[in-house]
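Participant: Quick one: the structure is below, and I'll ask about it shortly.
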Amino acid sequence: MNNLIEVFLLSLIPTFEGRYAIVYGIGRGYSIFGTLIMASLGILVLSLVLPIALPFIDWVMLKLEDTFLRKFAELYLKYVRRVRRKAHPYVERWGFLGLVVFVAIPLPGTGVWTGSLAAYLFGIEKREAIPALIIGGLLSILITLIPSLGIVKIF
């Protein structure tokens with residue numbers, strides 16, 4: 001069971017998330033079902049926590065601009081600008097479905113972390129953003145799971 005906790009913890013890391021945590025778990029020889037459950041649980045936790053936490057994180061980063069930690073705040077603001085640019089075509093035009101697709105794309109710079117920030121930046125209601133993040137996150141797991149199963153021997 002401790003091995004599967006690794007999968008869960010990895011699924012919480014930005015850009016890694018469930019989509020790569022599942023590849024890690026399967027590659028390490030953990031049970032496919034357990035790996036899938038733990039990676040999905042990570043997606044669920046991120047999808048529920050991030051939309052609630054982002055306004056607070058945003059507030060803290062804006063307060064850091066006038067302190068010795070301003071470089072940290074500048075990195076965050078640079079990330080915000082990048083998310084706004086990357087997510088705009090998906091979220092602004094397609095709304096809920098665009099957010100699902102954006103989160104589902106299994107590439108660095110997309111995913112639940114970035115999708116949560118995009119939903120926050122574009123003013124998508126939490127009751128709409130959370131299901132989009134969950135669906136997109138689970139789709140990203142499936143998109144990476146299928147090739148992983150083709151590479152790994154299944155007994």
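Participant: As an exercise, use a Förster radius of 25 Å and the Cβ-Cβ distance of Lys71 and Leu107 to find the FRET efficiency, rounded to the nearest 0.05.
Facilitator: Numbers: r = 27 Å, r/R0 = 1.07.
Working from the Cβ atoms, E equals 0.40.
Participant: Rounded to the nearest 10 degrees, what's the angle between the helix 126-151 long axis and the longest principal axis of the chain, both from Cα atoms, 0 to 90?
Facilitator: Roughly 40 degrees between the two axes.
Participant: Sticking with this structure for a sec: For region 26-150, report the accessible area per residue in Å² (1.4 Å probe, heavy atoms, rounded to an integer). Write out the running numbers ahead of the final one.
Facilitator: Working: 6920 Å² over 125 residues.
With all protein chains present, region 26-150 gives 55 Å² per residue.
Participant: Here is a follow-up. GNM on the chain, C-alpha springs below 10 Å: top fluctuator among Gly34, Gly136, Gly18?
Facilitator: Greatest mean-square fluctuation among the candidates belongs to Gly34.
Participant: Report the Cα centroid-to-centroid distance between region 76-142 and region 7-57 in angstrom, as an integer.
Facilitator: 16
Participant: Something else: Could you order the peptides 115-122, 10-17 from most to least packed, using the average number of other C-beta atoms within 10 Å per residue?
Facilitator: Taking the mean over residues of other Cβ atoms within 10 Å, the ranking is 115-122, 10-17.
Participant: Tell me, what is the FRET efficiency for Ile32 and Leu97 to the nearest 0.05, using R0 = 22 angstrom and their Cβ-Cβ distance as r?
Facilitator: Calculated transfer efficiency: 0.15.
Participant: Moving to a separate point now. What's the ranking of 89-100, 72-83 by average number of surrounding C-beta atoms within 10 Å, highest first? Present the calculation step by step, with values, prior to reporting the outcome.
Facilitator: Details: 89-100: 17.3, 72-83: 14.8.
The most tightly packed comes first, giving 89-100, 72-83.
Participant: Something else about it: Going by alpha carbons, how many degrees (0 to 90, nearest 10) lie between the helix axis of 32-64 and the longest principal axis of the chain?
Facilitator: Computed tilt is about 10 degrees.
Participant: How far is helix 17-27 tilted off the main Cα axis of the chain, in degrees rounded to 10, range 0 to 90?
Facilitator: 20
The values are calculated or read from the model by the stated rules, or taken from the named source; none is laboratory data. Everything quoted here is computed from the prediction, not taken from an experiment. Cβ sites come from the backbone with ideal geometry, for glycine too, and all protein chains shown count toward neighbours. For accessibility, only protein heavy atoms count, side chains too; no ligands or nucleic acids. Shrake-Rupley method; radii C 1.70, N 1.55, O 1.52, S 1.80 Å.
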